[in-house]
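The values are calculated or read from the model by the stated rules, or taken from the named source; none is laboratory data. Just so you know, these numbers come straight off a predicted model, no measurement behind them. Cβ placement follows ideal geometry from the backbone for every residue including glycine, while neighbour counts extend to all protein chains displayed.
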Amino acid sequence: MQWSLYLLILMGQCCFFTCRQYEYHFTAENKSWSEAQRYCREKYTDLAKVFDMTDMSRLRNSTQNQGEAWIGLNNNTDGNRTWHWSLPGVEYIQNDSSWNQSGRTDKEKPGNCVRKRDKLADVSCNHTLWFICYDEMKKDNKTLHLIETFKNWTQAQNYCRYNYTDLASGLNQVDGEEMKALFAGRVMSVWVGLFRDSWRWSDGSDFSFRYWDMQLFNDKQSNKTCAMTLLNRSGNWSSDECDKEKPFFCYDDKMILIKENKTWEEALNYCENNYKRLVSITNPEVQGWVQETAKNADSPYVWIGLSYKCTLGLWLWVSDYVVCYEKWATEGKTEGCVMSVGVDRGGQHEWFSRRNNETYNFICSKQ
């Protein structure tokens with residue numbers, strides 16, 4: 001009876017949008033972008049980066065200011081453009097078999113957004129096409145929805161984010177069986193959530209989220225290479241000359257990568273003695289930040305604070321939360337009394353069961 005009651009209490013302990021491993025800080029003092037960057041690195045972690053719309057809401061809610069403010073995005077002046085998937089947390093991995101090797105149609109010029117016909121092709125983002133939205137809530141028992149309305153790429157992205165989750169992103173969606181079913185018996189070109197740009201975050205993160213105000217933003221303005229959020233325009237972004245002085249947002253990271261190889265128990269004790277605990281991943285945003293942290297590890301996996309409890313017969317976070325969000329690799333989950341979880345340093349940074357006596361780097365939570 002006592003165990004049953006304990007389990008019921010645990011099952012109610014989920015943490016979604018209240019558990020954050022980072023904080024935003026608004027500074028009203030006017031500084032150039034580089035001065036703001038230096039200030040944030042001295043006082044906090046770096047200029048603010050943004051993972052998704054939830055982060056954007058938190059950023060806006062952290063101040064009453066309604067003007068312009070620098071964020072940590074700037075344009076890579078060497079012009080090197082990098083591919084990103086629109087859906088936060090999905091990383092781009094090159095797969096030549098998914099692309100149209102024979103080129104585009106005569107009417108299609110090269111561009112920075114991607115449409116799918118039988119294969120993928122990069123075309124101008126100003127084309128107007130039908131598009132495919134991804135829905136993580138699986139409305140009508142579907143994750144992909146064909147929208148038979150003509151929009152340019154940015155308009156399609158905004159539509160999907162407002163009505164569903166995002167444009168279809170990742171090869172599992174774009175080349176998967178559900179996508180093939182949408183194309184069955186039809187010849188059509190549709191937008192998917194792949195784009196490329198030369199903008200980079202101050203701390204080197206690969207976060208793909210962009211929130212440009214397309215009425216004001218012009219990516220071809222070579223003298224405006226630093227990004228700002230327009231708090232009086234729903235927080236949408238534009239760019240300006242980097243030597244202009246503005247208020248700014250910093251972020252403070254509440255997790256830290258320890259580049260020492262330890263067993264899971266040793267990592268657990270280290271975090272508890274020096275910080276708070278091994279990190280718990282309770283929502284996609286924290287997963288995204290863990291992914292960026294894990295990339296810098298010296299081991300193939302990175303320990304996090306999730307282990308299998310034989311006495312309870314379930315996976316449990318060291319923070320006492322049950323697993324309400326998960327990102328297991330296919331066949332990566334093995335239950336056992338000596339099993340804990342490591343995040344893959346590369347690939348899609350999925351979760352894998354690893355034996356507790358294996359030694360890896362690990363991530364501590366500082367709060």
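Numbers at a glance
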{"item": "In the stretch 323-353, residue farthest from residue 255 (Cα to Cα) [restricted to those that are at pLDDT 95 or above and small (Gly, Ala, Ser)]", "result": "353"}
{"item": "Members of the stretch 323-342 found to be within 19 Å of the chain's Cα centre (by Cα) and of a type in the set (Asp, Glu), listed by number", "result": "326"}
{"item": "Filtered residues of the stretch 170-202 (kept if under 16 Å from the mean Cα position of the chain (by Cα) and of a type in the set (Phe, Trp, Tyr))", "result": "195, 199, 201"}
{"item": "Single residue of the stretch 35-55 satisfying the filter (outside any loop (DSSP other than H, G, I, E, B) and of a type in the set (Lys, Arg)) that is nearest to residue 291 (Cα to Cα)", "result": "41"}
{"item": "Single residue of the stretch 304-322 satisfying the filter (over 19 Å from residue 255 (Cβ atoms) and of a type in the set (A, V, I, L, M)) that is farthest from the chain's Cα centre (by Cα)", "result": "312"}
{"item": "Test: residue in the stretch 110-127 that is surrounded by 11 or more Cβ atoms within 10 Å (Cβ to Cβ), among the β-branched types (Val, Ile, Thr) and in a helix (DSSP H, G or I)", "result": "no"}
{"item": "Unmet criterion (only one of (1) at pLDDT 90 or above; (2) within 21 Å of the chain's Cα centre (by Cα)) for residue 150", "result": "(2)"}
{"item": "Scan of the stretch 56-69 for residues that are assigned to a loop (DSSP other than H, G, I, E, B) and closer than 12 Å to residue 24 by Cβ, ordered by number", "result": "62, 63"}
{"item": "Hits in the stretch 15-34 (condition: at pLDDT 95 or above and not in a strand (DSSP E or B))", "result": "32, 33, 34"}
{"item": "Residue list for the stretch 227-258, restricted to those being in contact with an Asp or Glu (Cβ under 7 Å, 6 or more places away or on another chain) and either farther than 25 Å from residue 38 by Cα or small (Gly, Ala, Ser) (or both)", "result": "233, 238"}
{"item": "Residue match in the stretch 272-286 (condition: farther than 28 Å from residue 47 by Cα, without any contact (Cβ under 8 Å) to a residue 24 or more places away in the chain and over 19 Å from the mean Cα position of the chain (by Cα))", "result": "yes"}
{"item": "Residue in the stretch 316-346 that is surrounded by the fewest Cβ atoms within 10 Å (Cβ to Cβ), counting only those that are of a type in the set (A, V, I, L, M) and more than 19 Å from residue 91 (Cα to Cα)", "result": "338"}
{"item": "In the stretch 260-309, residue farthest from residue 52 (Cα to Cα) [restricted to those that are assigned to a loop (DSSP other than H, G, I, E, B) and either outside the structural domain of residue 334 (by TED's automatic domain parsing) or at pLDDT below 90 (or both)]", "result": "282"}
{"item": "Out of 172, 218, sole residue that is assigned by TED's automatic domain parsing to the domain that holds residue 93, without any contact (Cβ under 8 Å) to a residue 40 or more places away in the chain and of a type outside the set (Gly, Ala, Ser)", "result": "172"}
